[in-house]
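Below you'll find the structure, written out as structure tokens, and then a few comments.
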Amino acid sequence: MTAVRRTPVKPQDIQRVHQLVARVAALPDVQAEVEANHDNNRWWPATITDPRVRMLAAGWSTRVSYRMVGTYAKVIRAADAQGFDALVASTEGELTELVRPLGLAQTRIDYLRSLAELLQGWSKEGVDPLSPSADGDELIGDFAQRVRGASYKVAQCALLTARGYHCGIIPVDSGMVSKLAPALGIDLPPGPAAHERMRHVLEAAVHARAGDFRALADEHGHQVTIPQDAEPTWWVHLTLIYFKRLYLNRPSPQLCGRRPLCAKAVGCTHRDRSHQPGGKR
């Protein structure tokens, strides 16, 4: 895979992203999840300081359900306690035993081995993935191409976790492509590139209206810490991904059937009328 070229984002797409975030940030269940995961995320804990282990955690989180997050966290803590270099030097049997609770042992071992190869290659090439001057799009494309078991979405997560929550990257999972994009009326290209295009749209929206998004977090009383010098990309990511999980994965009866034309999306009068006798769906 190569870097997906950024193209201009339509003003109406930026507006729709802002309108949806403004609406769903007010939902108590979404707010609770955002607050629980913003300052120290359960999937990518801030307590893990080695960026290599953080990239490993991003890859090992794939194919792990929400109900397994506790098990996943134990495995990542054990991996962090060993240290990245020790993990790379471990035998196949030792690694299999470590990741056994997560399943797909060989896939996770292959990810670790090829991640180590990529990082060694980047070091020889003089590439520092943590440097703000390093092109994130190029790094994501390179990561997705060279790390076994990775993809654009895994590469996005890996670079985000390595650089830190507030680095400006908004990772996009499959549900954000298949469910959130249609809810926003955003057209995406086919195939894996959809994850990158959706990321570009969301990041462009936050960049264009950073102050407005930050104001929404304050307006709705979200108890989160957003650095003053950072755009609120991490907060927007969590707000959208938990809305997707709670309302779109198994479509909630509160959803309006007129999305994206209806900016409210949840609990609007359209939905109320559609549920009255004789109302149209």
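Some notes on this structure:
- 1.4 Å probe accessible area per residue over the chain, in Å²: 47
- Once the chain from residue 82 to residue 110 is taken as fully extended at 0.36 nm per residue, the excess over their C-alpha distance is 8.3 nm.
- Once the Cα gyration tensor of the range 147-210 is diagonalised, semi-axes √(5λ) in Å: 19, 17, 8
- Multiplying the residue separation of residue 229 and residue 125 by 0.36 nm and subtracting their alpha-carbon distance yields 34.4 nm.
- Computed over the alpha carbons of the range 42-164, Rg followed by Dmax gives 13.5, 40 Å.
- 5 angstrom amide H check on residue 266, placed H, neighbours 5+ away: 256
- Angle between the chain longest axis and helix 193-208 axis [Cα atoms, degrees, rounded to 10]: 70
- The chain: angle of helix 233-243 to the longest principal axis, Cα-based, in degrees nearest 10: 70
- Amide N of the range 149-179 lying under 16 Å from the label point, which is placed 7 angstrom from the Cα of residue 249 along Cα→Cβ: 172-179
- Estimated translational D of the chain in µm²/s (Stokes, Kirkwood radius over Cα pairs; 20 °C; 1.002 mPa s): 108
- Taking Cα atoms only, the orientation of helix 11-24 departs from the longest principal axis of the chain by about 90 degrees.
- Phi angles of the range 148-155 translate, via the Karplus equation with coefficients 6.51, -1.76, 1.60 and θ = phi - 60°, into HN-Hα couplings of 5, x, 8, 6, 4, 5, 5, 4 Hz per residue; Gly and Pro are given as x.
- For the chain, built as a Gaussian network whose Cα springs stay under 10 Å, the top-fluctuating residue of 228, 156, 254: 228
- Accessible-area composition of the chain, carbon plus sulfur, in percent [1.4 Å probe]: 51
- For the range 118-246: Kirkwood Rh in Å [reciprocal of mean 1/r, alpha carbons]: 15.5
- Taking the chain and dividing mean pair separation by its residue count, relative contact order in percent (alpha carbons under 8 Å, at least six apart): 27
- Springs between Cα atoms under 10 Å define the GNM used for the chain, and in it the highest mean-square fluctuation of 171, 253, 232 occurs at 253.
The values are calculated or read from the model by the stated rules, or taken from the named source; none is laboratory data. Small disclaimer: the values here were computed from a predicted structure and weren't measured. Reconstructed Cβ throughout: ideal geometry from the backbone, glycine too, with neighbour counts over all protein chains shown. In case anyone asks, the SASA skips ligands and DNA or RNA and just uses the protein heavy atoms, side chains included. Shrake-Rupley method; radii C 1.70, N 1.55, O 1.52, S 1.80 Å.
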